[in-house]
Amino acid sequence: MQFGIFSVGDIAPDPLTGYTYSEAERIDNIIRIAQRADEVGLDVFALGEHHNPPFVPSSPTTLLGHIAALTKRIILSTSVTLMTTNDPVKIAEDYAMLQHVAKGRLDLMVGRGNTVPVYPWFGKDIRQGVALALENYNLLHRLWREDVVDWEGKFRTSLQGFTSTPRPLDDVPPFVWHGSIRTPEIAEQAAYYGNGFFANHILAPNFAFKPLVDLYRRRFEHYGHGTADQAIVGLGGMSFIARRSQDAVEAFRPYFEHYPIFRGSRLEDHMAATPITVGSPQEVIDKVLTFREGFGDYQRQLFALDGLALPVETALEQIELLGSEVVPVLRKEFDSLRAPGVPEAPTHASLVTAKYGDAAPRQPRPNPNRGDNLSGVSPYQDSDPSVRAQFPVIV
Amino acid sequence: MSETLDQEPMATIAVVNAGVSDPSSTRLFTDRIAQRTVAILSEAGISAAVRTIDLAPIAVEIAQALVSGVPSEKVQDAIERLASADALIAGTPVYKAGISGLFKSFADLIDDDLLIAKPAILAATGGSARHAMVVDDQLRPLFAFLRALPVPTSLYAAPEDWGSTDLGRRIDRAATELAVLLRSGAPRDIADGNWARYQHRFGGNASRAGKPDADLDFDSELMRLAAGGRPRSTAEPD
């Protein structure tokens, strides 16, 4: 079971002091938060992608590449990578590069994005959002698995003889989670490919997303990747921890109740009706265990704990408490409760082993530049020697 | 408030009342409509139970749900009452020449497919007969969007109508229309037979959403795109 944190990099005035972080400060703070998460032994740090203020992470691979250099163990991921407004070719290239520099400590979560103007800003139509996400991922999936891709779709310029470089590390693509809270087609796509499915389990009544997760599990089994309870499920969550329950509620209340979408709401009502988890370490542990009861054994739990205008010092304390008092207990509990045969979330190491066993992983080495990829099966030296490339001869 | 008849109810009628006073003339109106509908159904051998959803006591929670997206227990309960009803009676006061904001706020919270093919009596009360068209101008398009089956007769009560036998006759006419629709079985046939052709919110509150896979067409264009862009299953070799 993996436990980690995710951030969307939002900026808002602190309701207690009125202080607003500059973008420069927020970016530095995100880096500090990721480093601390690594130091306290959390498993995952995931960063969102946004293209409008007050969010800073427009370029997650740049920031994650830097964080990769500063961290040792933690898996870097996204929450989410926009599968609609980005070019899937550029996603293939950027994240393969990031996977190399992070030495495999990378997976990603793909999603649609729901900020209406972002679509037209990038020349896309939000009414085609689901189709865009599905088709773009279909292409991304092939770009990471086939050296040379011929491709034709509805939304993007066709490709003939295209090779996405660099090839994934060890020729093993990063594991992909499909994030969704309402779209059965996204659950279907995750199930079809045997990828992970992630429901951001916040801002909705308890277990509101269970029907969608259950659909993914059934279809995962339908497509022959394993039984329904072996499907790879992740959940988002929001938490605030203090040693004493009442201190957590009191410290968190102004941040929660001043946040635009929660104005007029009582924190206690949301604590009762939604998955938000505010309280002592034991209360957080108990509530997260109810997620397992509701959704079944799952593989990844991420917490959002640096948003809602919280000061970075508070966010860092949250990470300390999560890493020292909550996650160690949850790991033990999840391990002891997990049904036999339920796998861990795939990692680069497990995917390499699954693909190669004890053999050495493929290390693609390009052929000398011949100016195109159209005329052979592979631009790499280890292409099948029985297939001879026919190069056009110019006299 | 709910009135349960002695017999086992065969039809459930949900009343949505957006009146805010106590007593409220809108509530008086919807009670009267409900009573006549039950009586007329009873004459046809159909017993019915009426469940009234008063919006005023949950007005603040309706507003919170609009902003946060999270319905409170009471709001969720109101939505579920509507979802499980066989027919409904919608009553709103007219404010500023339009339906009440409270009524529209509640309508904004319900799933688009919650009321598909449910027979509905649309009713409003107002301080002047000049607003009588509000029912047809505003409530009827709203229920058309929701793909409910509003009965042909719209009901409106201005102050002078409370002293007019014509109001009683119009109520009877609308109640009869609702009763005929219910007795015909057409609403259920439309919803059952046509369910997959409407857009649905997966795992939503609509009564047929209990078995979510029933709403899904795995052979739709998007579903086939989801599965790697496979062709239609009919085109696949055996």
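Taken together, the values in this text are just the output of simple stated rules run on the coordinates, not laboratory data. These figures come from a predicted structure and were not determined experimentally. So basically every Cβ, Gly included, is an ideal-geometry build from the backbone, and we count neighbours across all protein chains shown.
Annotations for the structure displayed:
- Neighbourhood charge, 13 Å Cβ-Cβ cut-off, centred on residue A:169 and excluding it, Lys, Arg +1 and Asp, Glu -1: +2
- Put a plus charge on the Cβ of each Lys and Arg, a minus charge on the Cβ of each Asp and Glu, and nothing anywhere else: the dipole of the protein assembly as shown about its Cα centre is then about 760 debye.
- Proximal charge balance of residue A:54 [Cβ under 14 Å; K/R count +1, D/E count -1]: -4
- Within the stretch A:13-50, chymotrypsin sites (Phe, Trp or Tyr not before Pro) in DSSP loop having at most 15 other beta-carbon neighbours inside 10 Å: A:19
- Electrostatic bookkeeping for residue B:183 treats Lys and Arg as +1 and Asp and Glu as -1; over the other residues with beta carbon under 13 Å from its beta carbon, the sum is -3.
- Bridge orientation summary for the stretch A:1-86: considering DSSP beta bridges with both residues in this region, about 10 percent are antiparallel.
- Largest GNM mean-square fluctuation among A:79, A:265, A:239, using chain A with Cα springs under 10 Å: A:265.
- In degrees, nearest ten, helix A:327-337 long axis to first principal axis of chain A (Cα): 70 degrees
- The stretch between residue A:381 and residue A:247 holds 42.0 nm of extra length on full extension. This uses 0.36 nm per residue minus the Cα-Cα distance.
- Ranked packing of A:171-180, B:190-199, A:324-333, most packed first, by mean Cβ within 10 Å: A:171-180, A:324-333, B:190-199
- Taking every alpha-carbon pair under 8 Å whose residues sit at least 6 apart, the stretch B:137-197 reaches a relative contact order of 28 percent.
- Placing a label point 7 Å from the Cα of residue B:220 along the Cα-to-Cβ direction, the residues of the stretch A:125-149 whose backbone N falls under 16 Å from that point are A:127-135.
- Annotation: for a label point projected 7 angstrom from Cα along Cα→Cβ of residue A:69, residues of the stretch A:34-54 with backbone N closer than 17 Å are A:34-35.
- Alpha-carbon centroid distance for the pair the stretch A:83-117 / the stretch A:148-211, whole angstrom: 10 Å
- Contact order normalised by residue count of chain A, Cα under 8 Å, 6+ apart, percent: 18 percent
- Using the Cβ-Cβ distance between residue B:77 and residue B:172 with R0 set to 30 Å, the FRET efficiency works out to roughly 0.45.
- Only helical runs count toward this figure. For chain A, summing -39,500 (n - 2.57) over DSSP H runs of n ≥ 4 and dividing by all residues gives -11500 deg cm²/dmol at 222 nm.
- The label point for residue A:12 and the one for residue B:84, both projected 7 Å from the Cα toward the Cβ, are 3.6 nm apart.
- Prolate/oblate/rounded call for the stretch A:76-205, Cα gyration tensor, a/c under 1.5 rounded: oblate
- Per-pair calculated FRET efficiency, R0 = 41 Å: residue A:128 and residue B:39 via Cβ, rounded to 0.05: 0.20
- Loop-located trypsin sites (Lys or Arg not before Pro) in the stretch A:1-93 whose Cβ has at most 15 other Cβ within 10 Å (DSSP): A:72, A:73
- Cβ-Cβ FRET estimate between residue A:353 and residue A:222, R0 fixed at 25 Å, reported to 0.05: 0.45
- The label point for residue A:258 and the one for residue A:336, both projected 7 Å from the Cα toward the Cβ, are 4.2 nm apart.
- Normalised by the number of residues in chain B, the average gap of Cα pairs under 8 Å and 6 or more apart makes the relative contact order 19 percent.
- Pairs from the list A:287/B:104; A:332/A:355; A:72/A:154; A:210/A:332; A:72/A:355 with a Cα-Cα gap above 31 Å: A:287/B:104; A:72/A:154.
- Proportion of all alpha-carbon pairs of chain A beyond 26 Å (%): 55 percent
- For peptide B:65-75, the mean count of partner chain Cβ atoms within 10 Å of a residue's Cβ comes to 5.
- Cα gyration tensor shape of the stretch B:2-199, rounded if a/c is under 1.5, else prolate or oblate by comparing a/b with b/c: rounded
- Amide H to amide H distances under 5 Å link residue A:44 with A:3, A:4, A:5, A:75, where only residues 5 or more positions off or on other chains count and H is placed in the peptide plane.
- Helix A:281-295 vs. chain A, principal-axis angle (Cα, 0 to 90°, nearest 10): 50 degrees
- For A:126-133, mean number of other protein chain Cβ atoms within 10 Å: 1
- Residue with peak Gaussian network fluctuation, chain A [Cα springs, cutoff 10 Å], from A:57, A:340, A:13: A:340
- Relative to one another, the C-alpha centroids of the stretch A:289-360 and the stretch B:54-127 are positioned 41 Å apart.
- Taking one quarter of the surface of the convex hull spanned by the alpha-carbon atoms of the stretch A:62-147 gives a direction-averaged projected area of 5.8 nm².
- Taking chain A as a Gaussian network of alpha-carbon nodes connected by springs under 10 Å, the highest mean-square fluctuation of the residues A:194, A:111, A:264 belongs to A:264.
- Beta bridges per DSSP with both ends in the protein assembly as shown, % antiparallel, nearest 5: 10 percent
- Set of the stretch A:48-81 residues, backbone N closer than 18 Å to the point 7 Å along the Cα-Cβ line of residue A:116: A:51-54
- Listed values for the stretch A:205-217 are Karplus-derived 3J(HN,Hα) couplings in whole Hz (6.51 cos²θ - 1.76 cosθ + 1.60, θ = phi - 60°), namely x, 3, 6, 4, 9, 4, x, 6, 5, 5, 4, 4, 4, and x replaces Gly and Pro.
- Under-5 Å amide H pairs with residue B:117, H placed in peptide plane, nonlocal only: B:148, B:149
- Cβ-based charge dipole, the stretch B:2-199, positive-most Cα from B:159, B:87, B:182: B:159
- Distant alpha-carbon pairs in the stretch B:71-182 (separation over 19 angstrom), percent: 46 percent
- 10 Å Cβ neighbours from other chains, averaged over peptide B:163-172: 0
- Label-to-label distance, residue A:145 versus residue A:363, with points set 7 angstrom from Cα along the beta-carbon direction: 2.6 nm.
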